[in-house]
1. Between A60, P45, T21, whose Cα lies farthest towards the positive end of the dipole of the range 19-73 when Lys and Arg beta carbons carry +1 and Asp and Glu beta carbons carry -1, centred on the Cα centre?
2. By per-residue mean of other Cβ atoms within 10 Å, what is the highest-first order of 40-52, 152-164?
3. If you bin every alpha carbon distance in the range 235-346 into 5 Å steps from zero, what whole percent lands in each bin?
4. Put +1 on the Cβ of each Lys and Arg and -1 on the Cβ of each Asp and Glu in the range 272-451; which of G330, S302, G427 then has its Cα farthest toward the positive end of the dipole?
5. Dipole magnitude of the range 412-499 about its Cα centre, charges +1 at Lys/Arg Cβ and -1 at Asp/Glu Cβ only, in debye to the nearest 20?
6. Would you mind ranking H495, H190 by Cβ crowding within 10 Å, fewest neighbours first?
7. In terms of Cα to Cα distance under 19 Å, which lysines are near enough to K3, apart from those fewer than 8 places away along the same chain?
8. Report, to one decimal in Å, the Kirkwood hydrodynamic radius for the range 272-451 based on all distinct Cα pairs.
Amino acid sequence: MTKLTQNIDKLQNLLAGFDDTGIQNLIASQSIPAASAETFATHSPVDESLICQVSKSDAADIDLAAKAAKDAFPAWRDMPATDRKAILHRIADKIVERADEIALCECWDTGQPLRFMSKAALRGAENFRFFADKATAARDGQMLPSPTLMNVTTRVPIGPVGVITPWNTPFMLSTWKIAPALAAGCTIVHKPAEFSPLTARILAEIAHDAGLPAGVWNLVNGMGETAGRALTEHPDIKAIAFVGESKTGSMIMKQGADTLKRVHFELGGKNPVIVFEDADLERALDAAIFMIYSLNGERCTSSSRLLIQESVADKFEQELVKRVNQINVGHPLDPSTEVGPLIHKTHFDKVTSYFDIAKNEGAQIAAGGCRVGDQGWFVRPTLFTGATNDMAIAQEEIFGPVLTCIRFETEEQALTLANDTDYGLTGYVWTNDITRAMRFTDKLEAGMIWVNSENVRHLPTPFGGTKASGIGRDGGDWSFDFYMEQKHIGFATGHHTIPKLGV
Ligand code: NAD
């Protein structure tokens, strides 16, 4: 029996668990269907087979969940932080216990290869541990004495928060938003993407089993335009933590305007990897390939635009073609698979449409540019060369395993090209000239930049984008800036005269 067939066997047993009721909402610790009893079907991108039915919620279900989150808020806020910390660590423990199950379900639901998803489940546990340990300091503030006042600051949780997540690495991303919210003392309503509901349900169950009080974490499934929209408009929800497309972020801002929602957005990207002639080209090649073709290229931080210096471009592109053609596309549960299927047909149609767009724009397809097989949403890893920065393939987020190569002559040109985009999430700079690296990163418009490295997350550092790539930062203490309110209290020392009126 191969590892693949073993994994498929294990998965079948896990999926049987969803057969009876499908995926229901979890509100105030009760597993319940949508009030309308409506459901929608979720399919695997691997073979388009039905996975199960999922509750199709609307405003009534969101209202129930928001009320549960509101009712649970005071007790959760006032619970000693050490107790909150202990519960969050228990959630992490249980994620680790169920990591294999989470990874298999995530692969089947999203098409992501197991080699990456087994780590993503553990990253989720790490997110909980990191914020669990920060919970005890979440309310910390400053003492800012003035001649007349003993001024102190403290932080208080903002209230019930709506968390709206996308379908790319949904498990890890959900933990990334939910763990700091809970550590801060907020309660949550989570609306996961309609295309990847499996692991959101497992995660909510884990939280329940870890002893999280009823109503602190509520899961509501459904479509963005109905359930998602109702969450952003609900008056009891004080803030929306959103990860998804830039245009959805813009809609959410409008929807939340009437209730003055605080928003935190992690949005799209068209991130440049800039390779100078003096770089360690072997390492740059490994990193450029990893950052666009891992996670099926369905990754907000992917290096989807390669800016390569003319003097080394021919050789670099030749090596790229060789390596890209060798990438192993296959079943996501096969441990040797490097790229799995795209999430769904509409996304597959979008990604593959760029093959013709590239040709019509005058670029060359140096590798890939075609579908793999006739079942499931598999595409060959693709490389466009001979592109210019004004082409759609250089400006639009394709969100698939597709890399666009653009050549430059000078550092100045490279900077202009790198910044000539609506987005500003990440940038990757390859050079062995430290002065150039400093000069370049100072002017590069991106929220996160790595020099001579792929994206390696360190949880205490700020994560987020500029321009159309986002608003706000996560990570370290920055997460608490969003989930908490700053409060100032001034205690008079009795030394000042209060102005008298009407005397
Ligand atoms: P999407 O915007 O289509 O959907 C994201 C979520 O928003 C889903 O849960 C969806 O149901 C919901 N939604 C849709 N319309 C809504 C509305 N009107 N009101 C409220 N909720 C609504 O995004 P997607 O296609 O699922 O995800 C891919 C996108 O996410 C890419 O653009 C990617 O770059 C981005 N992303 C960004 C980051 C980051 O950290 N910057 C991380 C991951 C993904």
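1. Of the options given, the answer is A60.
2. Values: 40-52: 17.0, 152-164: 21.7.
The most tightly packed comes first, giving 152-164, 40-52.
3. So the P(r) values, bin by bin, are 2, 10, 15, 15, 13, 12, 11, 9, 6, 4, 2, 0.
4. It is G330, whose Cα lies furthest towards the positive end.
5. Numbers: 7 positive and 11 negative charges, 36 e Å.
Around 180 debye, computed over the range 412-499.
6. Values: H495 8, H190 26.
Taking fewest neighbouring Cβ atoms as first place, the list is H495, H190.
7. Straight-distance partners of K3: K119.
8. On the way: mean 1/r = 0.0612 Å⁻¹.
Mean inverse Cα-Cα distance, inverted, gives 16.3 Å.
Here, each number is a calculation from the coordinates, and none is a lab measurement. Predicted, not measured: the structure shown is a model, and the values here were computed from it. Reconstructed Cβ throughout: ideal geometry from the backbone, glycine too, with neighbour counts over all protein chains shown.
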